[in-house]
Amino acid sequence: LNFSLTEDQALILEQVKEICTEKLLPRADDIEKRGVFPKENIELLFQSDLMGVFLPEKYGGLGLDFLTWAMVGEEISYSCTTTGAIYGANMLCVYPIFAFGTDEQKERYLPALVKDGKIGAFGLTEPNAGSDAASIQTRAEKRGDGYVLNGTKVFITNAGEAEIYVIMAKTAPERGARGMSAFIVEKGTPGFSFGADEKKMAYAGLPNKELVFDNCEVPSTNLLYKEGRGFRVAMETLDVGRIGMGIGAVGLARRAMEEATKYSRERVQFGQPISGFQVIQHYLADMATEIEAARLLCLKAAWMKDRGEQFSHIAAMAKVFSSEVCTRVTNKALQIHGGYGYSRDYRVERFFREAKLFEIVEGTSEIQRNVIANYVLKAAG
Amino acid sequence: MNIVVCIKQVPDTANVKIDPNTHTLIREGIDLTINPFDLNAIEEALRLREKFDGRVTVISMGPTQTERALRDAYALGVDRCVLLTDHLFAGADTLSTAYTLSCGIRKLSDWDLILCGKQAIDGDTAQVGPQLSEILNIPVLCWVRKLEYLGNRKIRVEQETETGCCIVETSLPCLLTVTKEINEPRLASLRGVLQAKRKEVEKWGLSDLEIDPGRVGLTGSCTQVIRVFTPSPKEKGEILEGDPKGVSQELVKRLKDAGVVS
């Protein structure tokens, strides 16, 4: 085992920390308060080459690995969780095109998605298909030299702001998961429109909208991978996405712990800073321990991905553990703040609301446990 | 437009310590960084290059660890970095620094504009820029907060003054010192940081330059620092307490006694 960073990773991480804490962090409170899309932050991510960390240089990336990508994600989420969510959702469009696209698709879309400022999004979830992803009803019917899409997606992150969408639709509904195919759909394609923005518990600046496909014609050159193999595309993409969600939760948890630590040293009760009380010290100790463990799980999953190993179960563990750690840590951070923590004047209240998303998005905790249990039972023979 | 930017590596924090014997800053063990005003100069140069093409060369004089600052400049996207370094350059005051820089810049030959920060945050002298222009015999404009290239080798600048601003036009070549108002310096991109690692910082010593050895370093300095000290912190003021009426009466009385008001 070797926990040391390469010279490149250390350089990148130092610069990312500077970018995130100097530019993203000071804007985070305002983004939530005003509920506006953090355009400036996203432009900065593109300009500073944060979008394509794991992509080869020929597609506009940095040619680094998923481990570095994950560490970058932690820093973004630490500074501004909303920006982190946009970054994560962009990856859900970049990754499947990179992993499954034709050379033409990669050349056409990847530089746009990591260099030229075009945001990406991923559309799988539907009103009646969440955890049961294979039950989606959006149809893609072969017609002439293309496909016609009909159906509705919900909760789609980056919807409206994104220019490029990877969409899952059924080309053969009777075949269940094997009848699903993936398509690249560009914003502005006739028949493709957006519904109302979802009002959420947090992330007021994060767009989550319906995607509506009404006889939307997509050329066959935009079929991603093979017809009927869309479920595979979606599952592999989500495996990588889970590392992103896990490490995003770690970033937020770390931030919440730092706020709580700082507050505990300033807040005086019974004649001393509350950090002097063992109960608070034990809270902080548990928070720090859990964050460390969560980070290691996420980085291990990324490291396995880089080595080409089967990492789905570790990614699922990373996601379920980190997101639940994040909820516990933000909860304790709020508790340490007492009444002030419940007030909107202190940002731990926002962290508490933001944390819950990680347990739900990109596969609920329950689905992650299914994935892990399947692995455990299979491995037992 | 080919631009030369002069930079200085300075301590990163305000917490600097002074060597009681040499009366100079102790640089060991302190994080060093590019002087903030010099970052504005680099940013302005990069913006001019983005608009009008050309090359941006960054030059600095200092010990070998100054290479780190020049690598940071590469990360920001400049084309060439030159470090004037030689043990004979050590102990230089502003005049011998300006002279040494002028020799380096003469060797660069092809340039139209020199940009400097208005001053360095460690010494705060604001002298090197103007001295350099004098030695190179080119016009100088200081405290520039806005710069426009008018074409035809003409520029218009806004200089900050104590009472307002001064709008001046001049022709290239010239030297400008810039304030922080001129722009917001970019942060290096990740690609920039990775590429900077592989770039070469050219190092020129005394023997690489056409230079008068009697005018460099401590020998060439015509000023000597007698004493540098940390000013003692301002003492805590007196706080008058009591009811507002009594307190204000007491305040007026004290001010009158001190002759501040009559």
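Within the stretch B:156-173, can one find any residue that is closer than 21 Å to B:VAL56 by Cβ and hydrophobic (A, V, I, L, M, F, W, C)? Can you show your working first?
At the first step, the residues of the stretch B:156-173 found to be closer than 21 Å to B:VAL56 by Cβ are B:156-157, B:170-173.
Filter once more, keeping what is hydrophobic (A, V, I, L, M, F, W, C): B:157, B:172.
So far as the stretch B:156-173 goes, yes, one or more of its residues are closer than 21 Å to B:VAL56 by Cβ and hydrophobic (A, V, I, L, M, F, W, C).
Please go through the stretch A:50-72 and give me each residue that is over 18 Å from the mean Cα position of the chain (by Cα) and closer than 12 Å to A:LEU113 by Cα, ordered by number. Walk me through it before giving the result.
Step one: filter the stretch A:50-72 for residues over 18 Å from the mean Cα position of the chain (by Cα), giving A:56-64.
Passing the criteria: A:TYR59, A:GLY60, A:GLY61.
Identify, from the list A:GLU258, A:GLU266, the residue that is without any contact (Cβ under 8 Å) to a residue 24 or more places away in the chain and within 19 Å of A:GLY84 (Cα to Cα).
Details: A:GLU266 fails: within 19 Å of A:GLY84 (Cα to Cα).
Sole residue among the options that is without any contact (Cβ under 8 Å) to a residue 24 or more places away in the chain and within 19 Å of A:GLY84 (Cα to Cα): A:GLU258.
In the stretch B:21-65, what residues are within 20 Å of B:ARG198 (Cβ to Cβ) and either more than 14 Å from the chain's Cα centre (by Cα) or in contact (Cβ under 8 Å) with a residue 60 or more places away in the chain (or both)?
B:ILE42, B:LEU46, B:ARG55, B:VAL56, B:THR57, B:THR64, B:GLN65
What about A:GLN15, is it facing another protein chain (nearest Cβ under 9 Å), outside any loop (DSSP other than H, G, I, E, B) and closer than 29 Å to A:LYS106 by Cβ?
Working: facing another protein chain (nearest Cβ under 9 Å): yes; outside any loop (DSSP other than H, G, I, E, B): yes; closer than 29 Å to A:LYS106 by Cβ: yes.
Yes; evaluated as a whole, the condition is true for this residue.
Select the helices (runs of 4 or more DSSP H) contained entirely in the stretch B:158-262, then report the ones holding at least 3 residues which are within 14 Å of another protein chain (Cβ to nearest Cβ) and closer than 30 Å to B:ILE105 by Cα.
Numbers: elements: B:190-198, B:217-220, B:244-257.
Ranges flagged: B:190-198.
Considering the stretch A:32-65 alone, what residues qualify as being without any contact (Cβ under 8 Å) to a residue 12 or more places away in the chain and within 10 Å of chain B (Cβ to nearest Cβ)?
Within the stretch A:32-65, A:GLN47, A:GLU57, A:GLY63 meet the criteria.
Given (1) out of contact with any Gly (no Cβ under 7 Å at 6 or more places or on another chain); (2) surrounded by 22 or more Cβ atoms within 10 Å (Cβ to Cβ); (3) among the polar types (S, T, N, Q), identify the lone condition not met by A:ASN128.
Going through (1) out of contact with any Gly (no Cβ under 7 Å at 6 or more places or on another chain); (2) surrounded by 22 or more Cβ atoms within 10 Å (Cβ to Cβ); (3) among the polar types (S, T, N, Q) one by one, A:ASN128 breaks only (2).
Taking helices (runs of 4 or more DSSP H) that do not extend beyond the stretch A:264-381, which have at least 2 residues that are within 21 Å of the chain's Cα centre (by Cα) and within 26 Å of A:LEU64 (Cβ to Cβ)?
Details: elements: A:278-306, A:312-337, A:339-342, A:348-358, A:365-379.
In the stretch A:264-381, the matching helices (runs of 4 or more DSSP H) lie at A:278-306, A:312-337.
Suppose the filter is more than 22 Å from B:VAL225 (Cβ to Cβ) and not in a helix (DSSP H, G or I); does B:LEU70 pass it? Lay out the reasoning, then the answer.
Values: more than 22 Å from B:VAL225 (Cβ to Cβ): yes; not in a helix (DSSP H, G or I): no.
Here the answer is no, as B:LEU70 does not meet what is asked.
What number of residues in the stretch A:1-12 are at the interface with another protein chain (Cβ under 10 Å from one of its Cβ atoms), touching a residue at least 12 places away in the same chain (Cβ under 8 Å) and not charged (D, E, K, R)?
Result for the stretch A:1-12: 1.
Condition check: more than 14 Å from chain B (Cβ to nearest Cβ) and either among the small types (Gly, Ala, Ser) or assigned to a helix (DSSP H, G or I) (or both). Does A:ASP29 satisfy that?
Working: more than 14 Å from chain B (Cβ to nearest Cβ): yes; either among the small types (Gly, Ala, Ser) or assigned to a helix (DSSP H, G or I) (or both): yes.
Yes.
Out of curiosity, is B:GLU134 more than 14 Å from every other protein chain (Cβ to nearest Cβ), under 30 Å from A:GLU7 (Cα atoms) and either touching a residue at least 12 places away in the same chain (Cβ under 8 Å) or outside any loop (DSSP other than H, G, I, E, B) (or both)? If you could, list the steps in order and put the result at the bottom.
On the way: more than 14 Å from every other protein chain (Cβ to nearest Cβ): yes; under 30 Å from A:GLU7 (Cα atoms): no; either touching a residue at least 12 places away in the same chain (Cβ under 8 Å) or outside any loop (DSSP other than H, G, I, E, B) (or both): yes.
Answer is no for this residue.
Only residues that are part of a loop (DSSP other than H, G, I, E, B) and of a type outside the set (A, V, I, L, M): list them for the stretch B:80-104, please. I'd like the intermediate steps shown before the answer.
Filtering the stretch B:80-104 for residues part of a loop (DSSP other than H, G, I, E, B) gives B:85-86, B:90-93.
Across the stretch B:80-104, the qualifying residues are B:THR85, B:ASP86, B:GLY91, B:ASP93.
Test A:ILE156 against the stated conditions and say whether it is in contact (Cβ under 8 Å) with a residue 12 or more places away in the chain and either of a type in the set (Phe, Trp, Tyr) or more than 30 Å from A:PHE352 (Cβ to Cβ) (or both).
On the way: in contact (Cβ under 8 Å) with a residue 12 or more places away in the chain: yes; either of a type in the set (Phe, Trp, Tyr) or more than 30 Å from A:PHE352 (Cβ to Cβ) (or both): no.
So A:ILE156 fails the test.
Out of all the residues in the stretch A:9-68, which are surrounded by fewer than 17 Cβ atoms within 10 Å (Cβ to Cβ) and β-branched (Val, Ile, Thr)?
Residues satisfying the conditions are A:THR21, A:VAL36.
Residue by residue, here is whether (1) of a type in the set (Ser, Thr, Tyr); (2) touching a helix residue (DSSP H, G or I) at 6+ places or on another chain (Cβ under 9 Å); (3) surrounded by fewer than 19 Cβ atoms within 10 Å (Cβ to Cβ) holds:
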| site | (1), (2), (3) |
| --- | --- |
| B:ALA69 | no, yes, no |
| B:GLY77 | no, yes, no |
| B:CYS81 | no, yes, no |
| B:THR97 | yes, yes, no |
| B:LEU101 | no, yes, no |
| B:ARG106 | no, yes, yes |
| B:GLY117 | no, yes, no |
| B:GLY123 | no, yes, no |
| B:LYS146 | no, yes, yes |
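List, please: which pairs have Cβ atoms under 9 Å, are six or more places apart or on different chains, and start with a residue in the stretch B:230-247 that is touching a residue at least 12 places away in the same chain (Cβ under 8 Å) and end with one that is surrounded by fewer than 10 Cβ atoms within 10 Å (Cβ to Cβ)?
Short answer, once both residue conditions are applied: none.
Just so you know, all these numbers are worked out from the coordinates, no wet-lab data involved. Since this is a predicted model, take the numbers as computed values, not measurements. No Cβ is skipped: glycine too gets one built from the backbone with ideal geometry, and neighbour counts run over all protein chains shown.
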